[in-house]
Amino acid sequence: MTTLVGNTLPAEWTKLRSVRSTWVVIIAALVVSVGFSVLFSFLTEANYAGLPADQRTGFDAAGTSMVGMNLGLIIVAVLGALATSSEYATGMIRLTLSITPGRGRVLAAKAIVVAALGFVLGTVFATLAFLIGQAVLGINPAVPTLGLTGPGVLRSLLGWGVEMAAFGLLALAFAVMMRSAAGAIATTIGLIFVPAILGAFLPPWAQSHVLAYFPASAAEQLSTAQLDPAAATYLGPLTGAGTLVTWVAVALVVALSLMGKRDSG
Amino acid sequence: MIKAQDLTKRYGTTTAVDGLSFDLKPGVVTGFLGPNGAGKSTTMRMILGLDRPTSGSVTVGGKSYQDLPAPLREVGALLDAKAVHGARTAYRHLQWVAQAGGIPRRRVGEVLDLAGLGGVADRKVGSFSLGMYQRLGIATALLGDPPVLLFDEPVNGLDPEGIFWIRTLMRDLAAEGRTVFVSSHLMNEMQETAEHVVVIGRGELIADMPITEFMQRDSLSHVRVVSPRADELARVLAGVGGEVTRGADGALAVTGLDAPKIGDLALEHGLGVHELTPVRASLEAAFMDRTRASVQYRPTAEGDQ
Ligand SMILES: Nc1ncnc2c1ncn2[C@@H]1O[C@H](COP(=O)(O)OP(=O)(O)OP(=O)(O)O)[C@@H](O)[C@H]1O
Ligand SMILES: [Mg+2]
């Protein structure tokens, strides 16, 4: 008798860690997440006096030290898509499903592996970016910096873990639905950037009633340390988390029902 | 061990498998024969619970595949040897399969050696030759030491040594009491390996019988006789129940009488014989004959739609 925890989960983890591309993607995500953040911290620290007055009074030290995380997010989402699209591309999914006929169990194992990896990467990258970024900002004594106990900081660091896990899972679900890496990655990136690109052009009611419920703006409620309750897309951390979880759950349920209906998964 | 009952699979308007029933016995190699597109791979995918039958059912040891508690220990399958991720080493590939199937890790090394891949265990699968892919696929199928084995075109792309290896392996596996089901459209390959054949054409069952019986087609197994007095000999043979046809080169093709009998009759009647050769039907010929017939019986099938 094989089980999810004893068999399917370890097998999925072996699959993911035994291809070099996984590690290449992780290193790329690290470089982008932390590297860009640190670079931006240096630029901010050097040009602090030149910033507009309102940006200095409400200075977002945490956000400044983690700007690269949004780019790293895209790379981690790619990891989620690759975790399954390669099986459809090679046809190896048939071997997977013949060893483990339960589609639900296969999808659950993949989801747990992707979510755990996304959470660890998000939290670790955010923490590195934050700690190094604060140290860099502190080079200039005029810049106000934060410690780990600063307002919203811990929520933000863990929030990045949740956000990377959630987008990894969305990408995984899209990869199962589309059986293609390119389609899944494009869809996930679209979801990440829709709020950023459309935001400014939409009327306020659309921003607060539609845009706010997109996964990226919902996730921001967790990963942004310094939330602005006056912002049109403000939901607060709890509603944001609930919205994000709903997106992920719906995507995984759709993916599972397709796996069940299709021949060869 | 594997029992198909009225198994049918349609993809849109294509009927890939059409009312197929068979019951595979352990201890013998059963060849699964049919021309391209006959529905062999589709049948195998349905056995493995990968494709869902449109109607009918197939069970392994009385159970539906989905209900097997540890499928890798029950059924080993090689469907498409190249359907593996090329970036993984052979060892890591078998390692995840073993983990997923609940097989102890040491078995990985055993099947690698068994398949002759012990020396390339740490090489990326993507660098393998087709023959090495096939060997890896067979190693994967043997991992769970299963009582049932399915091989879809396992000799595809193998060199003579590889073909010999697979033949011997399949016969050994059957001799150990396992159920071995091997598809092929290379008829002469089956002739060397299979004891029993299930033959399909256009998704329908054409034959399910011992291979010897399948090859004993009257028109195909005959004795070739060359005689300077062929006409007289033909009359003699026809007189005792032989069926004689005259070939283009003047030789007689005789069925219903064996070579010693024909030789004795010729001697008895003082008729010289220059050549007396039993011609055994090749499986190839029997197969062509049967599947051609299956098409001929339904000449309007295409036009009906
Ligand atoms: N997933 C699919 N979708 C649509 N049609 C399919 C699918 N799989 C198989 N078919 C069709 O079903 C028929 C049987 O195909 P199948 O691959 O089972 O034949 P086969 O006997 O294995 O042939 P070959 O000897 O070439 O491997 C073919 O007409 C094929 O085109
Ligand atoms: Mg086939």
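Worth pointing out:
- For the stretch A:58-69, backbone phi angles converted through the Karplus equation (6.51, -1.76, 1.60; θ = phi - 60°) give residue-by-residue couplings of x, 4, 9, 5, 5, x, 4, 7, 10, 4, x, 4 Hz, Gly and Pro being listed as x.
- GNM remark for chain A: springs join alpha carbons under 10 Å apart, and the peak mean-square fluctuation among A:Leu131, A:Leu43, A:Leu73 falls on A:Leu43.
- Leading residue at positive end of dipole, the stretch A:1-157 (Cβ point charges), from A:Gln134, A:Ala11, A:Ala116: A:Ala11
- Less than 5 angstrom separates the built amide H of B:Arg229 from those of B:Gly272, all sequence-distant by 5 or more or on a different chain.
- Secondary structure note: in chain B, about 65% of the DSSP beta bridges are antiparallel.
- Computed over the stretch A:127-265, Kirkwood Rh from alpha-carbon pairs, angstrom: 16.7
- Magnitude of the charge dipole, the stretch B:222-279, Cβ model with Lys/Arg +1 and Asp/Glu -1, debye to 20: 60
- Computed [θ] at 222 nm, deg cm²/dmol, chain A (DSSP H ≥ 4; -39,500 (n - 2.57); rounded to nearest 500): -23000 deg cm²/dmol
- Dipole magnitude for the protein assembly as shown: about 1160 debye, using +1 per Lys or Arg Cβ and -1 per Asp or Glu Cβ, origin at the Cα centre.
- Cα centroid separation - the stretch B:33-54 against the stretch A:214-229, whole Å: 50
- Formal net charge of residues neighbouring B:His85 (Cβ-Cβ distance under 10 Å; K, R +1; D, E -1): +3
- Model label zone, A:Leu131; criterion: amide N under 12 Å from point 7 Å along Cα-to-beta-carbon; scope the stretch A:143-165: A:148
- Couplings for the stretch A:177-189, taken from phi via the Karplus curve 6.51 cos²θ - 1.76 cosθ + 1.60 with θ = phi - 60°, read 4, 9, 6, 8, 5, 4, x, 5, 5, 4, 5, 5, 4 Hz in order; Gly and Pro are left as x.
- Coordinate range along principal axes, alpha carbons of the stretch B:1-111, Å, largest first: 42, 30, 25
- A DSSP coil position with no more than 14 other Cβ atoms inside 10 Å describes none of the chymotrypsin sites (Phe, Trp or Tyr not before Pro) in the stretch B:18-77.
- Applying 1/(1 + (r/R0)^6) with R0 = 56 Å to the Cβ-Cβ distance of B:Leu130 and A:Ala231 gives a FRET efficiency near 0.40.
- The GNM of chain A, with springs linking C-alpha atoms under 10 angstrom apart, assigns the highest mean-square fluctuation among A:Ser21, A:Ser37, A:Ser85 to A:Ser21.
- Distance violations [Cα-Cα > 30 Å] among B:Lys3/B:Lys124; A:Lys110/A:Lys261; A:Lys110/B:Lys63: B:Lys3/B:Lys124
- Build a GNM of chain B with springs between Cα atoms under 10 Å apart, and of B:Gln134, B:Gln191, B:Gln66 the one that fluctuates most is B:Gln66.
- Take each residue of peptide A:86-95, count the partner chain Cβ atoms within 10 Å of its Cβ, and average: the result is 6.
- Cleavage-rule hits, GluC sites (Glu not before Pro), the stretch B:171-229, DSSP coil, Cβ neighbours within 10 Å at most 13: B:Glu176
- Where labels lie 7 Å past Cα in the beta-carbon direction, separation of A:Val120 and B:Leu186 in nm: 4.5
- Mean Cβ count within 10 Å, highest first, over the residues of peptides A:55-63, B:68-76: B:68-76, A:55-63
- Test item: Cα-centred dipole of chain A, Lys/Arg +1 and Asp/Glu -1 on Cβ, debye: 960
- Each Cα pair of the stretch B:2-215 feeds into the Kirkwood radius, which the Stokes-Einstein equation turns, at 37 °C and 0.692 mPa s, into a diffusion coefficient of 188 µm²/s.
- DSSP beta bridges in the protein assembly as shown [antiparallel fraction, %, rounded to 5]: 65
- Shielding by partners for peptide B:50-60, expressed as the average number of C-beta atoms from other protein chains within 10 Å of each residue's C-beta, is 2.
- Counting only other chain Cβ atoms within 10 Å of each residue's Cβ, the peptide B:81-89 averages 5.
- Across the alpha-carbon set of the stretch A:1-48, the Rg to Rh ratio works out to 1.38, Rh being the Kirkwood radius.
- Calculated [222 nm] ellipticity per residue, helices only, for chain B: -10500 deg cm²/dmol; basis is -39500 (n - 2.57) per DSSP H run with n ≥ 4, divided by all residues, nearest 500.
- Of the Cα atoms belonging to the stretch A:4-261, the radius of gyration and Dmax stand at 19.3, 64 Å.
- Ordering of B:109-119, A:161-171, B:86-96 by burial proxy (mean other Cβ atoms within 10 Å per residue, highest first): A:161-171, B:86-96, B:109-119
- Residue among A:Leu95, A:Val162, A:Thr149 farthest towards the positive dipole end of the protein assembly as shown, charges placed on Cβ: A:Thr149
- Centroid-to-centroid, using Cα positions, the stretch A:102-165 and the stretch A:25-58 are 16 Å apart.
- Projecting the Cα atoms of B:Pro260, B:Pro210, B:Gly131 onto the dipole axis of chain B, where Lys and Arg carry +1 and Asp and Glu carry -1 at the beta carbon, places B:Gly131 farthest toward the positive end.
Readers should treat all values here as calculations from the given coordinates under stated rules, not as data from a laboratory. Bear in mind that the values here come from a model prediction, so they are computed numbers and not experimental data. Please note: Cβ atoms are built from the backbone with ideal geometry, for glycine as well, and neighbour counts cover all protein chains shown.
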